[in-house]
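Please read the structure below before turning to the comments.
The values are calculated or read from the model by the stated rules, or taken from the named source; none is laboratory data. Source: prediction; values computed, not measured. Note that we place each Cβ from the backbone using ideal geometry, even for glycine, and neighbour counts take in every protein chain shown. Ligands, DNA and RNA are stripped out before the accessible areas are found, and what is left, the full protein with its side chains, is counted by its heavy atoms. Shrake-Rupley method; radii C 1.70, N 1.55, O 1.52, S 1.80 Å.
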Amino acid sequence: MKRLLSTFALAGAMGLCAFGAQAATKLEQVKSKGFVQCGVSQGLPGFSNPNDKGEWSGLDVEFCRAVAAAIFGDATKVKFTPLSAKDRFTALQSGDIDILSRNTTWTITRDTSLGLNFTGVTYYDGQGFMIRKDKKVNSALELSGASVCTQTGTTTEQNLADYFRANNMTYEVIAFATNDEVVKAYDAGRCDVLTTDRSGLAGERLKLTNPDDHIVLPEIISKEPLGPVVAHGDDQWFDIVKWVLYAQLNAEELGVNSKNVDEQLKSAVNPEIKRLLGTEGKYGEGMGIGNDWGYLIIKNVGNYAEIYDRTVGPDTPLKLARGLNALWNKGGIQYAPPIR
Amino acid sequence: MTDLAGPVGGRAKSSFINDPKVRSIGLQLIALVVVVFLGWSFTENARDNLAAQKIATGFGFLDNTAGFGINQTLIPYSETSTYGRAFVVGLLNTLLVAVVGIFLATIIGFLVGIGRLSKNFVVRTLSTVYVEVLRNLPPLFQILFWYLAVLSAMPGPRNSISLFGEVFISNRGIIIPRPLFGEGAGIVVWAIGLAILLAILFRHWAASRQEETGRFLPVLWVNLALIIGLPLIAMIATGFPISFEVPQLKGFNFVGGVQVIPEFVALTVALATYTAAFIAENVRSGIQSVSHGQTEAAHSLGLRHAQTLRLVIIPQAMRVIIPPLTSQYLNLTKNSSLAVGIGYPDLVAVFAGTALNQTGQAIEIIAITMGVYLLLSIITATIMNVYNKRVALVER
C-alpha cells in the first residue's frame, strides 16, 4: 500500500510539476518544515530499530540525527519513516523522505539509473549465511539443495543467485517483503538458511527463539557498502549529507568526541580541530548552514567511533568488531577527505 | 417572433447549438479532447521530469537479465532469464492461485450454502459457524494463520509425514511423485481424452432417451467405468509406459518429484475458504429466492429431494447467484496479491516487488501490473456475464 501510494505520488509529482520550474531547495524545505524526514528500516537491531516506546535507535538512525544536529543544532529534529526494502527508493524519488538511511547497498544501478546519489559509506558489510547448528554445516559451499529465506528488493537476492550459480549448487529461494517475515519463516523451519548482510544477520539472530542455536557461516559472498542516499537534483543537500559523515570520521581521527568537544572548542590549538569545530574558517557557509556545524554534530550525536560503539560495537548485543570499519590508520578502510 | 419558434414548429430555425443531439456529441467531444490532452501532457511531463532526474524510463528493461531466483515456476525459468519472463512466471503463479482458488471456493461455497438450509441441526449449525467465522476475519490474517500456524506445526523434511512412501508432507510443502512419460504414453493420454468424450456423448444420449421413454440410465457408474477403464486398458496394452519418480530425501531437501510449496497451499486454502463463506451466502439467498411452491410442486411430481434440488431449485436459483458470484471470483483473484505477505511468488511479489526494486521503474511496472489485474477482472466478468445470459430467466 505504501509502495502504491509512493508510486502515485511519484507519478503525480513527475506528471504535474512543470518541467524546469525550480521549487525551494531541499535545505530551505527542511528548514521551513523544521525537521529532517529520514527513511529507515522496519526494524533491524543495531541499525534502525524502534523500542517499545517508539524511540528509534541504531547506526542509521544516529546518522539522521547528526544531519539534524548540523542543520538545527538539535538532534531530535528528525522524523522517521519505516520502509521495506522494496519501497525505499520510490519514497526517496517521490520526495516523501529527505534522506534514506536504511542499510542500503551502494551499487552502480542504484546510483546511476534510479535518480539517486549515495553520499558515502557508513558501514562496510558483506553478505553471509546463517544456519541452525544442528544441520552440521561449516561452509557455505555445503549448502547445495538448501532452501534459503531472504528479503525481496535487496542486492542479497541477486548475490545469492550468482553465488549458487557460480559454485554449481542448486537452491530454493523464498523471498518475503519484510525482514520480520523472513525471520519468522526461518524460525518456523520453512528454510534451512537465512541470508542477508552479516551485520543484519547479527541483528536478526537476536530476534530468533534461541539465538545460540544458530551460527553464521564464515563465507562473505559479496561487497555491501551501506550508506545514506539522497535524491538527484540538489547538490547542496548532497554536500551536507556527505560532509556530516566526513565530519564524524574526521572527529574520530582527531580524537574529538562528545565529552571533550566543549573543552576542545575553547583550548584546541590544532588547526584541523579548529576547522572541524568552526572556530577557524567558514566551512558551513558553502553548504548554507552554520559554521559551527561540525561542533553541533559532535556535541549532540558524537563522532563515528562513539556511534559505532553504542549501536553495533563489541559491547552491544550485536558484538560486531570494527574490522573494515576501523579508520584507515587503524587497519580499516574508513577514510574521510580533509576539512579545509 | 418567428425566430423563436421551437422544435414544435417543425422547421426550427434555432441555432444548432440548441440541438440536443449536436450538444451531447459536442460536449462528449470536448470531454474526450480534454481527457486525451491531460493524459498526453501527464505522460510527456513525467517523461521530461524523469529524464531530468536521470531516472531510467521505458519498457526496454523487460529484455534485461533478471538475475534472481523464483521458487515456483510453471514455465522454464532461471536466473539468466529476462524480466519479461519473470513477469510471465509471476502472472502464471497468480493465475494458478486464482483458478484453483475459484474452483475450491465454488465447491465449498455451494456445499456450505446448501448446508445452511439443511433440516439437519448439526449440518445447519456447522455451516452457520463456518460462514460467520470465516467471513468476519480479515483475509490477510487467515493467510498468515494457514502459513505460520500450520507451517510451524509441520515437521522438518528429515522427519516428514510419509503417505505410502510416495507422498511427503513437511514444512517444505507437499512433495508428490512426478509422472514420467515413457514410450506409448501418448496412447494413454489419447485414451483419457477419448473416455471423456465418450462420457459426454453418453450423458447426452441418456438424457434424450430419458426424455423420450422416461427411463433412467446409471450415467454416473457407466461414465466412471469409461473414464477409469479405457485408460487402464490402454496402459495394460502399452505395457505401463507411465512411471513415477518417487522423491528421495537427499541433503537438505527432497530431490525429484513435484514440490507443492507451502506458500501456495496456505494462500489457496485461505482464499478459497474465505471466499467460500461469501459464496455460501450467495447460494443461500439464491435458493431462498425460489418460492417454496416450486419444491412442493416437484415433490408432488414424485421427484426425490436431491432431484428437486438439482433439477428444479438450483437452475432457478442460479440467476440470483451468478451476479454476486462474479464479484466473489473477482475478489478472490485480486486478493491473491496478499501473497506478498507470505512470500508466494505471485505477480505483485515477483514483478511489482523484486523486479520493480531492481530496475527502479516504478511507474512502468505498477502500470503494467494494474493493467494485468484489470484485464484479468474484465475477462472473468465477461465469461460470467455470458454464463449469466444463458441461465437468466427467459421471459415469454
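When chain A is treated as a GNM, springs tying every alpha-carbon pair under 10 Å, which of A:Asp262, A:Asp235, A:Asp52 comes out with the largest mean-square fluctuation?
Result for chain A, Cα springs under 10 Å: A:Asp52 fluctuates most.
Residues of region B:318-341 with accessible area at least 10 Å² lower in the all-protein-chain context than alone (1.4 Å probe)?
For region B:318-341, once contacts with the other chains are taken into account, B:Val340, B:Gly341 lose 10 Å² or more.
For helix A:235-254, what angle does its Cα long axis make with the longest principal axis of chain A, in degrees from 0 to 90 and rounded to 10?
90 degrees
Please work out the C-alpha center-to-center distance from region B:348-378 to region A:282-302 and express it in whole Å.
Each part's Cα centre sits 43 Å from the other's.
Assuming R0 = 35 Å, can you tell me the calculated FRET efficiency for the pair A:Arg310 and A:Ile108, based on Cβ-Cβ distance, to the nearest 0.05?
Computed FRET efficiency for A:Arg310 and A:Ile108: 0.60.
Taking every DSSP beta bridge that has both residues in the protein assembly as shown, what percent is antiparallel when rounded to the nearest 5?
Of those bridges, close to 70 percent are antiparallel.
Going by Cα centres, region B:221-259 and region A:71-87 are how many Å apart?
Using only Cα atoms, the two centres lie 59 Å from each other.
Would you mind giving the three semi-axes, in whole Å and largest first, of the ellipsoid equivalent to region B:239-329 according to its Cα gyration tensor?
Working from the Cα gyration tensor, I get semi-axes of 45, 21, 9 Å.
Compute the orientation-averaged projected area for region B:251-396 from the convex hull of its Cα atoms and round it to one decimal in nm².
Projected over every direction and averaged, the Cα hull of region B:251-396 covers 14.0 nm².
Once the Cα atoms of helix A:59-72 and of chain A are each reduced to a long axis, what angle between those two axes, in degrees from 0 to 90 to the nearest 10, is obtained?
The angle comes out near 20 degrees.
Work from the charge dipole of the protein assembly as shown (Cβ charges, +1 for Lys and Arg, -1 for Asp and Glu, about the Cα centre) and give the residue of A:Asn103, A:Gly39, B:Ile342 farthest towards its positive end.
After comparing all options, I get B:Ile342.
With a 1.4 Å probe and all protein chains kept in place, how much accessible area does B:His292 have, in Å² rounded to the nearest 10?
Rounded to the nearest 10, that gives 120 Å².
Taking the alpha-carbon distance from B:Lys54 and a cut-off under 19 Å, which lysines remain once sequence neighbours fewer than 8 residues away in the same chain are dropped?
Result set, ordered by chain and number: A:Lys26.
Can you give the accessible area per residue of region B:6-165, in Å², using a 1.4 Å probe?
Value returned for region B:6-165: 62 Å² of accessible area per residue.
Hey, can you grab everything whose amide H is under 5 Å from the amide H of A:Tyr171? Only 5+ residues off in sequence or another chain; H modelled, so Pro and N-termini drop out.
Answer set, sorted by chain and number: A:Gly145.
When you take every Cα atom in region A:96-221, what is the radius of gyration, and what is Dmax, the widest Cα pair distance, in Å?
Looking at region A:96-221, its Cα Rg and Dmax stand at 15.0, 46 Å.
Check every DSSP H run in chain B and write down those whose alpha carbon atoms cover 20 angstrom or more along the long axis and whose mean Kyte-Doolittle hydropathy is -0.5 or greater.
Those that pass (Cα extent of 20 Å or more, hydropathy at least -0.5) are B:20-52, B:83-115, B:185-213, B:219-238, B:262-289, B:314-335, B:362-391.
Name the GluC sites (Glu not before Pro) in region B:157-226 that are in a loop by DSSP and that have at most 10 other C-beta atoms within 10 Å, would you?
B:Glu183
Using alpha carbons only, what's the Rg to Rh ratio of chain B with Rh from Kirkwood?
Here Rg/Rh amounts to 1.08.
Quick one: check the C-alpha center-to-center distance for region B:77-92 versus region A:25-54, whole angstrom.
36 Å
How large is the dipole of the protein assembly as shown about the Cα centre if only Lys and Arg carry +1 and Asp and Glu carry -1, each at its Cβ, rounded to the nearest 20 debye?
2140 debye
How large are Rg and Dmax for chain A when only the alpha carbon atoms are used, in Å?
So, for chain A, Rg and Dmax equal 20.7, 63 Å respectively.
Find which of B:Ala52, B:Met384, B:Asn64 sits farthest along the positive direction of the dipole of the protein assembly as shown, computed with +1 on the beta-carbon of Lys and Arg, -1 on that of Asp and Glu, about the Cα centre.
The listed residue farthest towards the positive side: B:Met384.
Show the residues, 5+ positions off or on another chain, whose built amide H is closer than 5 Å to the amide H of A:Phe129.
Residues meeting the criterion, in which the H sits 1.01 Å from N, are A:Leu217.
Select from B:Ser289, A:Phe118, A:Gly294 the residue farthest towards the positive end of the dipole of the protein assembly as shown; place +1 on Cβ of Lys and Arg, -1 on Cβ of Asp and Glu, and compute about the Cα centre.
In the protein assembly as shown, that residue is B:Ser289.
Let me see the P(r) profile for region B:180-308: every Cα-Cα distance counted, bins of 10 Å, each bin given as a percent of all pairs.
Per 10 Å bin, starting at zero, the Cα-Cα P(r) for region B:180-308 comes out as 10, 18, 21, 29, 16, 6, 1 percent.
What lysines does B:Lys334 reach when the alpha-carbon gap must be under 19 Å and sequence neighbours fewer than 8 apart in one chain are set aside?
The qualifying lysines are A:Lys2.
Taking all protein chains in place and a 1.4 Å probe, what share, in percent, of the accessible surface of the protein assembly as shown do carbon and sulfur account for?
Carbon with sulfur: 62 percent of the solvent-accessible area.
How large is the accessible surface of B:Tyr130 in square angstrom, using a 1.4 angstrom probe and rounding to the nearest 10?
Counting only protein heavy atoms, the figure is 50 Å².
If only Cα atoms are counted, what is the Rg of the protein assembly as shown, and what is its Dmax, in Å?
33.0, 116
Between B:Glu44, B:Glu281, B:Glu364, where does the largest GNM mean-square fluctuation fall for chain B, given springs only between Cα atoms within less than 10 Å?
Among B:Glu44, B:Glu281, B:Glu364, the largest mean-square fluctuation in the Gaussian network model of chain B belongs to B:Glu44.
Return the subset of A:Lys53/A:Lys184; A:Lys53/A:Lys223; A:Lys33/A:Lys184 for which the Cα-Cα distance in this structure is over 29 Å, preserving the input order.
Going by Cα-Cα distance, A:Lys53/A:Lys223; A:Lys33/A:Lys184 fall outside the 29 Å limit.
GNM, chain B, Cα, under 10 Å: largest mean-square fluctuation among B:Gln259, B:Gln328, B:Gln307?
B:Gln307
Compute the angle between helix A:155-166 and the longest alpha-carbon principal axis of chain A, please, reported from 0 to 90 degrees and rounded to the nearest 10.
With both axes taken from Cα atoms, the answer is about 40 degrees.
For region B:353-372, which residues drop by 10 square angstrom or more in accessible area between the chain on its own and all protein chains together (1.4 Å probe)?
Residues passing the criterion (a loss of at least 10 Å², heavy atoms only) are B:Gly353, B:Thr354, B:Leu356, B:Asn357, B:Gln358, B:Thr359, B:Gly360, B:Ala362, B:Ile363, B:Ile366, B:Met370.
How big a patch of accessible area, both sides summed and in Å² to the nearest 100, lies buried between A and B at a 1.4 Å probe?
Buried surface at the A/B interface: approximately 4100 Å².
So, counting K/R as plus one and D/E as minus one, what does the shell of residues with Cβ under 13 Å around A:Val67 add up to?
Counting the neighbours of A:Val67, the net charge comes to +1.
Let me know the Kirkwood hydrodynamic radius for region B:12-130, please, with Cα pairs as the basis and the value in Å to one decimal.
21.2 Å
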